[in-house]
Each structure stands twice: as structure tokens, then as C-alpha cells.
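The values are calculated or read from the model by the stated rules, or taken from the named source; none is laboratory data. Quantities reported herein were computed from a predicted structural model and do not represent experimental measurements. In this analysis, Cβ positions are derived from the backbone assuming ideal geometry, glycine residues included, and neighbour counts consider all displayed protein chains. All accessible areas refer to the heavy atoms of the entire protein, side chains included, with ligands and DNA or RNA removed. Shrake-Rupley method; radii C 1.70, N 1.55, O 1.52, S 1.80 Å.
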Protein chains: 2
Amino acid sequence: METLNGLKRTHYCGDLRESNINEEVVLMGWVQKKRNLGGLVFVDLRDRSGLCQIIFDTDVNAEAFAKAEKLGSEYVVAVKGKVAERSSKNPNMPTGDIEVFATELKILNKSETPPIYIKDDDNVSEELRLKYRYLDLRKPSMQKNLMLRSRVAGIVRNYLTENNFCEIETPFLIKPTPEGARDYLVPSRVNEGKFYALPQSPQLFKQLLMVSGMDRYFQIVKCFRDEDLRADRQPEFTQIDCEMSFVEEEDVRAIMEKMIQRIFKEVLNVEVTLPLPVMPYSEAMERYGSDKPDTRFGYELTNISDIVANCGFGVFANATKKGMSVRGINVEGKAEEFTKKQIGKLEDHAKTYKAKGLAWMKVGANREVTSPIAKFFTEEEMTAILDRMNAKEGDLLLFVADKDSVVFDALGQVRLEVARRLGLLNNNEYKMLWVTEFPLFEEDEETGRFIAKHHPFTSPIDEDLDKLESKDKASLRAKAYDIVINGYEVGGGSVRIFNSDVQKRMFSALGLSDEEAYEKFGFLLDAFKYGTPPHAGIAFGLDRLIMILAGTTNIKDVIAFPKNQSAVCPMTNAPAVADEDQLKELSIKLDLEDKE
Amino acid sequence: METLNGLKRTHYCGDLRESNINEEVVLMGWVQKKRNLGGLVFVDLRDRSGLCQIIFDTDVNAEAFAKAEKLGSEYVVAVKGKVAERSSKNPNMPTGDIEVFATELKILNKSETPPIYIKDDDNVSEELRLKYRYLDLRKPSMQKNLMLRSRVAGIVRNYLTENNFCEIETPFLIKPTPEGARDYLVPSRVNEGKFYALPQSPQLFKQLLMVSGMDRYFQIVKCFRDEDLRADRQPEFTQIDCEMSFVEEEDVRAIMEKMIQRIFKEVLNVEVTLPLPVMPYSEAMERYGSDKPDTRFGYELTNISDIVANCGFGVFANATKKGMSVRGINVEGKAEEFTKKQIGKLEDHAKTYKAKGLAWMKVGANREVTSPIAKFFTEEEMTAILDRMNAKEGDLLLFVADKDSVVFDALGQVRLEVARRLGLLNNNEYKMLWVTEFPLFEEDEETGRFIAKHHPFTSPIDEDLDKLESKDKASLRAKAYDIVINGYEVGGGSVRIFNSDVQKRMFSALGLSDEEAYEKFGFLLDAFKYGTPPHAGIAFGLDRLIMILAGTTNIKDVIAFPKNQSAVCPMTNAPAVADEDQLKELSIKLDLEDKE
């Protein structure tokens, strides 16, 4: 193996163009491919920027040629050479107009045969990709994603700094809060028997920074939640976390949508028109069955409960009698594209979201309806349904009857599934909106208790403030807002309560006694006594934003070293068994008995 | 309390100047001071940017005047008014040329009397400052420090990005490594009985990113060490972490010193001349008794062992006979400034660094020496000492005799203490240098084993590579480098081993069997097989860099929410007792018995 010994790289491989012809260059990188052809050795040399073709010719330099013959895949080399116009140009390659005739070759390191291919379209298992992540990250797509992520973080930081935001680091070792998602705990050695928690978000600290007059705070920061993992969830995730003083909801939205606009312009050259549409939560649910509607396509929900209240179809009639609802979507013009079997698949999909079934009607010529349930309706009822659904020949109508929460969820998901199957989800189209006026509380399904939908520091809407003590908690609306892109919640925030009395009433509405509230959040209630400004904030999920910008649906594609579904890193085998002595120092021991 | 109700701030308080006269402005902030004077109410309004004087005049607006009379300290207000030239200008205030006549006042929040004053020169205890951190952070000096920190991070990110570095987030939940400092552990819920560790640095991941071809990586990132705290240490601290491929030591130094140059220019308008001086470790120890020499002043160490080898002063003679050394510093021209008592204090200082004593000589007219030990030397010896020490009338000479490590440490510290007492440490002067060629190994004082001085991935100097298997491990030098500013180690790094064979030899030199090495770092050894580029890196301590730039010696002054010396946050009372059920979920229980 050779050393650089003072040799300096002059260019990245992928940057060479016709303008470099006749220059002497020094490139360094990995051997992507080597071919012997017509007495020459051709090497595709790869670095972060791309590929460049190198030619070793014994007439140019015999020693380099001899060495080049021994090169293997993924060998690390430094090449000195002269850029020439390529004899047979390759228009599919950014550097396809040139090639480099090598005058010197240093083999800096060898490589065994890699266990996974270094190309984007390999088909190895995710587990293997994660085990050999350092090789997986050699793939152009992965390198592009990581560079995109770095670039977006840079755009965000520059934008926020220009707008007087100050990046402030908040602590990672904080107080456990037995609220919301499960904390990761960190035993304290010095304070025996006590634990830190890793932050689920810097929420309390950013609010305290507003109390401290820091005025505008942001941080791109890791957060942690010990929840069961799903495909798009990781134990640690990254937030763009922001908080502003002396502002109202509209101010936060205005400044943040400009940031999103800039990101899409600079990264994708996509123009986002501002202001973004604003849709109250209730409207989003009624129209899309979702608080994060994908508005790239229609098929909006329509309520037909009143029409079918007394119809002969028991499922519909009984549902409406119980105060539930019957709603449908019109998959316009696509009746022919769904066979009975395919509609069955849609029904299965609806059932995974707790619907009991999915009723359907196909509309033929003269609005003649084909449907297993058509016979249950009078002609008047059917006409009313078709009118309400705005049905025309060739339409497919799909209905769910249940309590609202199930109808919205199931029909909203069927709506998405239909669009997926019809190929309507154009990844190069970006539809964004704000969803606002979220419920302040939601009912915990297990306990029946009301919990904060956003978090307990979210301000109610002014006109709902007086309802804080009422029984009708479900009707209270919050000054909360989410930004939704193509059906993904990319960010969310709220105007905060900044008055200690209102904060106390909020804790009380959540069933916390004064003592409990003080035990958990006493420092915040204390802080609020000493002149707290009105403030509001928002947090964006950076991982999800990058996913959208990178056009991937796998969150692991935008994280350098993610965990698998078992929260394990297959590369390092973290987590691992700890040293007995260290546990002793931490005043803890394992408690595995009843689990073995 | 009133709400903003659409009112928008137009300016920050501290930004108003004569050019704003006659403008209508809206300011928002805190009442720093209120005075009633001549039928007017004067308020100093404060925000992050500074102060501005507001005048409430019943003739301008009676309602605002009436409200203003009720304002208290730290009330939060919004003021609309007109900027006017101030009648009695205040040259000590950036906004001293203007004042604002209020036409509208909104009281946004009240404040109780704060438990600490909102001014820089308060004298409250650190514990109280930390308990009410949200008030402590209202102080102009603290806000300035946090804004400085944000700004420096921005300069660093822009500089590194311009130089092709890509910011990549590495994981926080990693595999525990029973090496080096103590890890913070995080019990895994899903993987019963196993633990993650919080990273002490992203070392392994950044090296793997080089294996993956990411070429140039950086990250401004939190790191964690569960060590006993000292004044300048926190359980969590922030690093500017960098790694580069296809470079040698000189390349890293060149690119990084330019970054430091830019920071000092942009933040302090200080010109740093490049390249910075480079001093091998051995020279730094010989001349300054320190591997992080403060080169703002002289008083360098001088070795007189050969002169005193056979002298009549037993302490010196015996030391040299045992192979130890006798070294001194010449505090030039300052003999008169140190009384015997003060020299006694210096001796006490030397003793805290394990010296057995501090010998001294004062040089008078005609080089007549006043010293309790003068009588032990022959005239020749004394002349030789004075010549070697370059002694002149008025000089104070201080000597320590002991093994080199103690002499260097004690005399190096006495040198600093002397400079401190003489007021030579000018905070507006910045002396920087690189210290290089550190020892590769150091002996663990307890076990006598050799451990890696930097870390086990540091490359030996080429010519010392063959000594890896020798007994003389102390003589091996590393391709390691620290950047030192005014006696602080601000950053340090090394060229890494990038060859799996050399890495194995290194582990073996550290006493790790192949199995142990593989158990701990197998994934790195594996990775090295598949084409690892030459790479090198560095990490800067951001907290310490900001301390130097902010001119403070207390690390807590540059961290928003630090822990106290017991690793406790006095504001939130973290760490805290955890929920029994949660511990059960984590398969751990407390183990306090034998400690209670």
C-alpha cells in the first residue's frame, strides 16, 4: 500500500468537464469498474461527486499500467493524469465528454469483495444493508440523500438566522416527565437512584427561553421517543424546533411557510405559492377524513346520513339512528378500473381501519346503478344519493357507515388507497396547506380521560377559553396548526399559554391536581410569574421533510445510521450487555426474573 | 392583561437611532426601570437587542399615561409611539440620542418581584442563578454569550460547507464501549437487559463515513461523559467534529486554522496570522512544561540538571543522580514584586502539582544572589546557573527538582500563576499554535499498562511504526495535533490508522487480544477490509472556544441550561426519581441496599 506523501487532490471525479481538457489533474477515489480493452485498462473512478473514466496506457506510463492491471473493485487509489476529450462520448454520464490518461497511480488501499453491491438497484435485504451500512452509504442515492439533508439544514439555518432566530442548544439530560410518549431514561451515577430522561422535544426549554427574552429561538436537534417502531419511526429523530415571542398564530405561519418555500425553490426548483391555504381541522376531517389531507387529488368525502336515515338498508339506517354517520366518496370516472375483487381489496383496507364494511355503487348509463345494496333504496333516496354525490356515468361510489372517527379514518384511507392504485400520487407535485383549529383535548380511548391533543401548553382559542371548566371538553379548539405536504404532517405547533392562571386551569382540566402539576411543571409555573411574553412555536420533522424532498418513503434512506424495527443497529450490535461493575456504580441491577 | 390582537412589532428596542426620528414605531419588551419625573413616566424598555427610553405624557395620551403609572419591573408591554430626538442625550447608551413618546400601551403580562436582579453585576450565588436560569438569561451578558454562540456555529457551518464538508448526524443511542471515560447508559426496553450508551464522541461513526466515501464530514454535536465534574466540565458538551479523506496532517491543520482565523476576524475583528506556529510536544514540554502552552508571555523553562549534578544542595544533586531533572524559570525583572510570603504562595501552588518544593533566587546588583540555597553552590556553579538562566539584576529565579513529569507540571503551573499575579494575561491578545507529535501511548498510573493517549485509532508517525511491538512504547509518536489558544486546548485530532493490519497491531500493543478487539470494534476492523481511504480528523470544544471568544472563564456562562457540580439542574430538579412501572418495563431495578 502506498501513502499520499504530499500528493494533493485537484478535482472531484464527477466535476471534470470539457473545460478541463489538457489540464493535469489528481483524482482520488474508489474503483467502481475495471476493464481491459484493446491493450488498455479502463477504470471508472468514483468519489462522492460521481464517476470519471481513467485510461491506463502502457505507452503513457508503463508502471501505472502494470499497477492498474492488478486493481480490484473498491480499491482506493490516487491517479495523476491529463484530461482529454473522450473518443466515444457518453451522454448519460456528466463526465461523459472527457477521460483522463493516467501518468501516475498510487494504490492507497485494497478491498476484499464487498458483501453487497455498490449500486442503487441492488436487491439485498434491509438488514444486510444496515449491517454493512458503510458500504450501503457508498451508493450514489444514499450519498445524494445525505448531502441533500446537509444542504436543507443549511438553508433552514440561514433563513432562520436572517430572520433573527438564535440557535440555542437545550440539554439532553433532562427531568423525566410521565406524560405523553415513553421517555428513554438515563440512570445517574452521582445522584443515586435517580434518572435523567432524553428529551422528547425541547418544549419546556424553548418556552423558558422565551421567558428569558431570547425572543426568537431555533434548534435542529435530536429528540427521543421509546415507542414501538413503525416503518417511518426511529427511536431518535431530528426536529427543526422554533419558538417566537410577541407573535400570534398568523405570524408563525407566515414566517415558516416562507422557509418551506425557500427550501422547495432552492432544492427542487419548485415554486410554492404563498400564502398556503388554511383549513380548519373540522373541515379537513369532513372533506378528506384526515387532519393531514393529501390534496393532490379530489374524491372528497360527502355526508349522506340525512338521506339514508330511514332507508331500507339496515346498516345505513341503524348507523344514523345511533347518531353515527354515513359518508361516501365518488371515484369519478373510474368505475371500470375496479373489479369486484379489487373493491374487495379496498374493503379489506377499510376494515384494517376498523370499518365494518365498504358499500359500493357503480354508476352506468342514465345513472343506472350496479350495486349489491341498490335494492334497499327507494328511487327518491337513490336519486338524492346520486345528486349529493354528484354522480355521473362511469363513477364508482364507496360508502362507510360508522361513528365519525371510524368513518373519517377508514374512508380517508380508502381515498388514499384508491389514489395509490390509480397512480394519482405524483411525486413531482407538492400540495401544501395549514390545518388549524385542532381540538384542544382528545379522549384517551383506554381511560376515557381527556388528554391534551398537542401538549398541555397549547392555548385554547380565545372564544373557547371559558369552556375550559365545562364538561364539553371535546368542543374546545386550540391555537394549533400543522403544515401538511402531500398528506404528510411535516410540522406542527401552537400558540402557548403564557399566563400562569390559564396554565393552572389547563392542568386542572387535564385532571392534574395543583400538587401534581407543580411537581411536574412547577418551574414553568414559577417562570410564568415573572413577565412571560406571548409566544408561539412550531417543530418540523426533518427526517420526514427530507424524505419528501428526496422522493423516498423509507425514513432509513435519509438517516446515516438508523436502527432496525427492533431498535437495534445491525452494524455495531447496539444495544449491548453492560458491565456489571458499571451497573453497580449506577445503583441499578437487571430485573429479568419473571421474563426469563 | 391585554393581547396583541394583530399589533406587530416594527423595531427592536436597541436598534433605534437618530435616523428613526419622527417614525411611528411599535416596540415590545420588558420594563427594566420606571421613574416618575416632572409629571412624566419614563420607562427603560428592554429586549434582546438592548434598551430604549419611552416617555408617557398625559398630554400625548392620557390612557397610556395612566396605565404606565401602574407598571412594575419586568412587566411585559407593547408600546406604540413616535421617535423623537432626546432632550438630554445619553452617550453611554446606543439609543441615547432618541426617546419614544408613547401613544399606546398594552400590558401583555405582569411580573412579581424577581428573586434575582436582571443586571450583570449582581452578586447572587451560582445555585440561585441556575435555579432561576430563565431570569439569569435575561441579563445582557448572558444573552450576548448565547447570541455569540449561535453566530460562531453559523460561521463554522458556512466555512465548512464552503469547503465541501457535509454535515451528517450520527446516532446518540450507540453501543457501550468499555474504554476511556465512563459512558452514560440508556437501558433498552425492547432488548431486555441490554443498554445503549450516549456517545463520548462520534469517532467511530465519522471514520465509517470516510469508509463510506462521504469524503468530508462535520457535525456540531452534543457528546457525553459521566465523569466527576470540575469547574470547566459538564456532563454534556458540544463538539465541532470533523473528518476528511485523502488528506495528511498538514492539510487538516491548514483548513482548520483558516476556520479559526475567520471566526476571530468576524467575531472579534482580530487578525490571526497564518500558518500558525507548529511545536512538537517534546519542545512544548521542555519550554513551557505544558502540552497546551500559553505563549502570551515568556518565562520559559530552562534545564540546569547538568550544572547542579554534583552541587552541595542535596535536593538538586540527589534528584539529578536519580535521573530526575532540575529546571527553572526566570521571572525577568520582577524580583521586587514577590515578597518571601508571596514566593511561599507560589511554592504552595507548586506543591498542589506534586512538587516537593520551590527553590528561589533573587538577583541583585552585580548578580549578587539572595536565596536560602545560595550557600550550597560554588561560585562556578552559581555563575553557570545565572548564565544558563540568562539572569540579570532584578530577576527572580524559581526552580523545581523532581522527575520530569512533576517538574513540567509544577513549574509550568507556577509559570502561569506568576503571569496571573503579574497581570500578564491580556484577554485581548490571542496567541495560537499547533502542538504536534504527541506520544502515541501513555502509561496508566494505576495499572502501569500503556493506553492510547489520543484514542486507539490514531496513526503512529511513519518512522515509529516499526516500534509498535517494542517495549519502548513511551517513545512512539503519534500523528496527533492540538490547537492551543492562550493556554487552552481548543481542538485536537489525528491522522487515523486506515489499514486493518496496523489497526490490529495497535489493539495488540494496547493489550487487547484479537477476540477482545473484535468484540469491541469488530465492525470497524471489518469495514477497513473494503477499501478505506486515508483519513484524518479533528474535534473542537465549542463550549471552550466560546468561553475564549466571550472572555469568560466559567463554562456555565456560555451554556443556556448547564448542570451544577453535582450534575443536577437546579431549575428542573433533574435527575429525578423514576416510575416503578417504567423501570420494570426497562427490566431494571434500583440497587441501593449497601449504599444506604
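Miscellaneous remarks
- Average beta-carbon neighbours from other chains, 10 Å sphere, peptide A:244-251: 4
- Cross-link reach list, aspartates and glutamates versus B:Lys206, counting only Cα pairs under 13 Å and skipping chain neighbours closer than eight places: B:Glu167, B:Glu169, B:Asp215, B:Asp241, B:Glu243
- In the calculated pair-distance distribution of the stretch B:523-572, the portion above 19 angstrom amounts to 56 percent of the Cα-Cα pairs.
- Overall Cα dimensions of the stretch A:222-322, principal axis frame, Å, largest first: 57, 37, 33
- Residue among B:Tyr75, B:Phe65, B:Val26 farthest towards the positive dipole end of the stretch B:13-109, charges placed on Cβ: B:Tyr75
- Shielding of peptide B:129-139 by partners, expressed as the average count of other chain Cβ atoms within 10 Å per residue Cβ, is 5.
- Whole-number D in µm² s⁻¹ for the stretch B:420-532, Kirkwood Cα-pair radius fed into Stokes-Einstein, 20 °C, 1.002 mPa s: 136
- Label-point distances for B:Leu37 to the equivalent site in the other copies, using a point 7 angstrom along Cα→C-beta, read 8.6 nm when ranked shortest first.
- The value for the stretch B:118-177 of Rg(Cα) / (2.2 N^0.38 Å) is 1.70.
- Surrounding net charge for B:Phe65, when Lys and Arg each add one and Asp and Glu each subtract one, Cβ distance under 13 Å: -2
- Using alpha-carbon coordinates, inclination of helix A:340-352 to the longest axis of chain A, degrees: 80
- The P(r) of the protein assembly as shown has a tail past 58 Å containing 27 percent of all C-alpha pairs.
- 7 Å along Cα→Cβ, label-point gaps from B:Val278 to other copies, nm, shortest first: 6.1
- Lysines whose Cα lies under 19 Å from that of A:Lys89, excluding same-chain neighbours fewer than 8 positions away: A:Lys33, A:Lys34
- Ratio of Rg to Rh for chain B: 1.05 [Cα atoms; Kirkwood radius as inverse mean 1/r over pairs].
- The Cα trace of the stretch A:456-520 gives Rg and Dmax of 13.6, 44 Å, the first to one decimal, the second as a whole number.
- Positive end of the dipole of the stretch B:297-421 (Cβ unit charges, origin at the Cα centre): among B:Gly344, B:Leu397, B:Val369, the Cα lying farthest that way belongs to B:Gly344.
- Placing a label point 7 Å from Cα along the Cα-to-Cβ direction at A:Glu443 gives distances to the equivalent points in the other copies of 7.5 nm, listed shortest first.
- Measuring between alpha carbons in the structure, the pairs from B:Lys110/B:Lys139; A:Lys504/B:Lys70; A:Lys563/B:Lys504; A:Lys144/B:Lys556; B:Lys322/B:Lys453 lying more than 30 angstrom apart are A:Lys144/B:Lys556.
- Overall dimensions of the stretch A:13-109, expressed as equivalent-ellipsoid semi-axes from the Cα gyration tensor (√(5λ), whole Å, largest first), are 18, 15, 12.
- Converting the Cα gyration tensor eigenvalues of the stretch B:128-246 into ellipsoid dimensions via √(5λ) gives semi-axes, longest first, of 28, 25, 11 Å.
- In chain B, helical runs assigned H by DSSP with n ≥ 4 each contribute -39500 (n - 2.57); averaged across all residues and rounded to the nearest 500, the mean residue ellipticity at 222 nm is -8500 deg cm²/dmol.
- Rounded to the nearest 100, the interface formed by chains A and B buries 11300 square angstrom of accessible surface, both chains summed, with a 1.4 Å probe.
- q = 0.09, 0.19, 0.22 Å⁻¹: log10 I(q)/I(0) that the Debye formula gives for the stretch B:297-421, counting C-alpha atoms only: -0.21, -1.01, -1.39
- Charge dipole (debye, nearest 20) of the protein assembly as shown; +1 at Cβ of Lys and Arg, -1 at Cβ of Asp and Glu: 880
- Carbon plus sulfur fraction of accessible area for chain A, probe 1.4 Å, in percent: 46
- Among beta bridges that DSSP assigns inside the protein assembly as shown, antiparallel share in %, nearest 5: 95
- Neighbour net charge for A:Ser470 - beta-carbon separation under 14 angstrom, K R +1, D E -1: 0
- With Cα atoms, 0 to 90° folded angle of helix B:514-527 axis to chain B main axis: 60
- Cβ distances below 4.7 Å define possible disulfide partners, and in chain B the cysteines left without one are B:Cys166, B:Cys223, B:Cys242, B:Cys311, B:Cys569.
- On Cα atoms only, tilt of B:500-509 relative to the major axis of chain B in degrees: 70
- Counting Cβ atoms of other protein chains within 10 Å of each residue's Cβ and taking the mean over peptide B:194-207 gives 4.
- Residue-count net charge about B:Lys356 - beta-carbon cut-off 12 Å; Lys, Arg +1, Asp, Glu -1: +1
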